[in-house]
Amino acid sequence: MQSLQPACILFDLDGTLIDTAPDLLACLNLALEQHRPVSIDTDSLRPYISYGALAMIERAQPDCDDSRKQEILQTMLDLYQHNIAVHSRYFEGMAEVLDGLDSRGIKWGIVTNKRERFTLPLLSAFSLDQRAACMISGDTTAHSKPHPEPMLKACADAQVSPEACIYIGDAQHDIEAGKNSGMQTMAALYGYLKPDDKPEHWGADFLIESPRHLSDWMQTHLCN
């Protein structure tokens, strides 16, 4: 990627900005215990978090019928809404990334497919709702990623142009969303990648191995 001074850096939420896996997997386990006592390998489900709760349930219980999956889903989401930030944490070094952007006067925001009923309480728990230039959830606009609509809404809220933004995410649909809206993109390799994911083929402008790697990139490419 060429040296540039972006007007705004946008982040995906789960698997990029915050490690929400511990709370999501704990709530899924509790929901399964209530509806269908089974033992699951939670580590194997982490890569599916970026694709939503239903994708996690389908991976954990592929032989369930659709009605049972919906029951498990509703129980899981109700539990998660009341346990949104018990064990979730920033990925190591991400708090420093946000502080670095603030100190440079560079706007930043969030574009996630997570529903607003979960996005806003989570960001509030981390006091990010007071700092972000924009917060776009999966139901903020009529379409979700990889459609460009939520990306363009983020730009409108932050009062920046898409061409002046960088979008960072850990799933292929994140990179597609950024590219579809004319943004530069970064693939977060430390996120919730599936074993068969090939992020080097997603077309991202840059591959980020860790938040610390992102901090190093900022030191090199952003004006102080």
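Brief remarks on what is shown
- The distance between label points at Ser161 and Asp99 comes to 3.4 nm (points 7 Å beyond Cα on the Cα→Cβ vector).
- Spacing of the two label points (7 Å from each Cα toward its C-beta) at Asp63 and Lys194, in nm: 2.2
- Modelled spin-label separation between His221 and Leu120, with each label point placed 7 Å from Cα along the Cα-to-Cβ direction: 3.3 nm.
- For Phe11, nonlocal amide neighbours, meaning residues 5 or more places apart or on other chains whose placed amide H falls under 5 Å from its own, are Gly109, Ile110, Val111, Ile168.
- Counting only Cα atoms, the size of the range 21-81 along its three principal axes is 24, 23, 20 Å, in decreasing order.
- At R0 = 25 Å, FRET efficiency that the Cβ-Cβ distance of Ile40 and His201 yields, to 0.05: 0.25
- Each residue in Phe11, Phe206, Phe91 was given a count of other beta-carbon atoms within 10 angstrom of its own, and listing them fewest first yields Phe206, Phe91, Phe11.
- Exposed GluC sites (Glu not before Pro) absent - longest run of the chain, DSSP non-H/G/I/E/B, at most 14 other C-beta within 10 Å: 93-208
Every number in this text was worked out from the coordinates using simple rules, so none of it is lab data. In this text, all values refer to a predicted model and were calculated from it rather than measured experimentally. Quick reminder, even Gly has a Cβ in these numbers, built from the backbone with ideal geometry, and neighbours come from all protein chains shown.
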